[in-house]
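A quick write-up on the structure given underneath.
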Amino acid sequence: QIEYDQAQDILKATGDVRISRQGNLFYGPALSLQVDSFQGKFTQAQYELARGGGHGAASEVEFIDSRRAIIRNATYTTCSRRPGPGWLPEWILKASSFQINEEDNAIEAKNLQLRFHDVPILAAPSLTFPLDNNRNSGFLAPLIGIDSVSGVEVASPYYWNIAPHRDATLTSTVMSKRGVALDSEFRYLEPDHQGQTRFNVMPNDR
């Protein structure tokens, strides 16, 4: 059923509602939408994103405008869905919210957990990743370890997407027994050759 209030430009739909927006598909039991501004909410929705093939489910999808949306209490994965009620993706992100921004080609996740074969392997308060398969510059997940040589070790890598055929990773590391270190890796790829350069400095290795 669809009800449309022409004076307020508000559309309300119930019962297996499906809406397609620039190739993205959202579907669920109920939708309320201001048509001209494309502002509204979808309850208990599932979604499929055209860029990158991401999909998942959420308690609510809020459309901010035609290019932005907030997906709350949601899951996200790019694993292909297989038939059957017991299907689980190999990896899945769970978050309190995903903010989709098609203008910036980005998804910002809040209070997230990454699960692999339903085993949690990473948690973070915030994470940003691209909608498609393009690389983005930014901080990677921190690395934490402990051993008898370095002691407690905490590393913070930063990925720099220089060009489609060039990139670099800069990592700063603090070790309780050896001080600080800076590691860098530069890679390039050409049609007929490729290369890699690494540089490491430890100014006060104890």
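The values are calculated or read from the model by the stated rules, or taken from the named source; none is laboratory data. Being a predicted model, the structure only gives us computed values, none of them experimental. All Cβ positions, glycine included, derive from the backbone under ideal geometry; neighbour counts span all protein chains shown. These accessible areas exclude ligands, DNA and RNA; they are computed on the full protein's heavy atoms, side chains included. Shrake-Rupley method; radii C 1.70, N 1.55, O 1.52, S 1.80 Å.
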Exercise. Can you tell me which residues in the range 58-96 are more than 20 Å from PRO130 (Cβ to Cβ), basic (Lys, Arg), loosely packed, with under 15 Cβ neighbours inside 10 Å and in contact with a strand residue (DSSP E or B) (Cβ under 8 Å, 6 or more places away or on another chain)?
Worked result: ARG81
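Looking only at the range 119-150, filter to residues that are among the β-branched types (Val, Ile, Thr) and open to solvent by less than 90 Å² (accessible area, probe 1.4 Å); which one of those is farthest from ALA163 (Cα to Cα)?
Applying the first criterion (among the β-branched types (Val, Ile, Thr)) to the range 119-150 yields 119, 121, 128, 144, 146, 149.
Now narrow it down to the ones that are open to solvent by less than 90 Å² (accessible area, probe 1.4 Å): 119, 128.
Numbers: VAL119: 35, THR128: 19 Å.
Ranking the candidates gives VAL119 first.
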Exercise. Before we move on, is GLY23 at pLDDT 90 or above, farther than 16 Å from PHE98 by Cβ, small (Gly, Ala, Ser) and loosely packed, with under 15 Cβ neighbours inside 10 Å?
Worked result: no
Problem set entry | Residues of the range 95-133 satisfying the condition of being within 16 Å of ALA57 (Cβ to Cβ), within 10 Å of the chain's Cα centre (by Cα) and either part of a loop (DSSP other than H, G, I, E, B) or not small (Gly, Ala, Ser) (or both) | PHE98, ILE100, ILE107, LEU112
For this session: Determine whether the range 37-57 contains at least one residue that is within 24 Å of ILE10 (Cα to Cα), open to solvent by less than 60 Å² (accessible area, probe 1.4 Å) and not in a strand (DSSP E or B).
Result: yes
For this session: Looking only at the range 150-162, decide whether some residue is over 27 Å from LYS177 (Cβ atoms), in a strand (DSSP E or B) and not aromatic (Phe, Trp, Tyr).
Result: yes
Problem set entry | Pairs, first at positive phi in the range 146-160, second part of a strand (DSSP E or B), C-beta under 9 Å, six or more apart | GLY151/MET175
Problem set entry | Total residues in the range 100-112, condition open to solvent by less than 60 Å² (accessible area, probe 1.4 Å) and either at negative phi or among the aromatic types (Phe, Trp, Tyr) (or both) | 7
Exercise. Do we have any residue at all in the range 75-84 that's of a type outside the set (Lys, Arg) and in contact with a Lys or Arg (Cβ under 9 Å, 6 or more places away or on another chain)?
Worked result: yes
Problem set entry | Filter result for ARG81 (closer than 29 Å to ILE2 by Cβ, free of Cβ contacts under 8 Å to residues at least 40 places away in the same chain and not in a strand (DSSP E or B)) | yes
For this session: Write out, first by first residue and then by second, each pair whose Cβ atoms fall under 8 Å of each other, whose residues are 6+ apart or on separate chains, and whose first residue, in the range 85-108, is of a type in the set (S, T, N, Q) while the second is part of a loop (DSSP other than H, G, I, E, B).
Result: ASN101/ARG67; ASN105/ARG51; ASN105/LEU131; ASN105/ASP132; ASN105/ASN134
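Among the residues of the range 165-206, what is the count of those that are charged (D, E, K, R) and either in a loop (DSSP other than H, G, I, E, B) or exposed (fewer than 10 other Cβ atoms within 10 Å of the Cβ) (or both)?
Looking only at the range 165-206, we keep the residues that are charged (D, E, K, R), and these are 166-167, 177-178, 183, 185, 187, 190, 192, 198, 205-206.
Next cut, either in a loop (DSSP other than H, G, I, E, B) or exposed (fewer than 10 other Cβ atoms within 10 Å of the Cβ) (or both) only: 177-178, 190, 192, 205-206.
So the answer is 6.
Using the structure shown, decide if GLU3 is open to solvent by 20 Å² or more (accessible area, probe 1.4 Å), acidic (Asp, Glu) and either touching a strand residue (DSSP E or B) at 6+ places or on another chain (Cβ under 6 Å) or within 16 Å of ALA109 (Cα to Cα) (or both).
Taking the combined requirement at face value, the residue satisfies it.
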Problem set entry | Subset of the range 160-185 [within 17 Å of ASN136 (Cα to Cα) and of a type in the set (Val, Ile, Thr)] | ILE162, THR169, THR171
For this session: Could you tell me which numbered condition ALA141 fails, if it satisfies all but one of (1) part of a strand (DSSP E or B); (2) at pLDDT below 90; (3) under 15 Å from the mean Cα position of the chain (by Cα); (4) aliphatic (A, V, I, L, M)?
Result: (1)
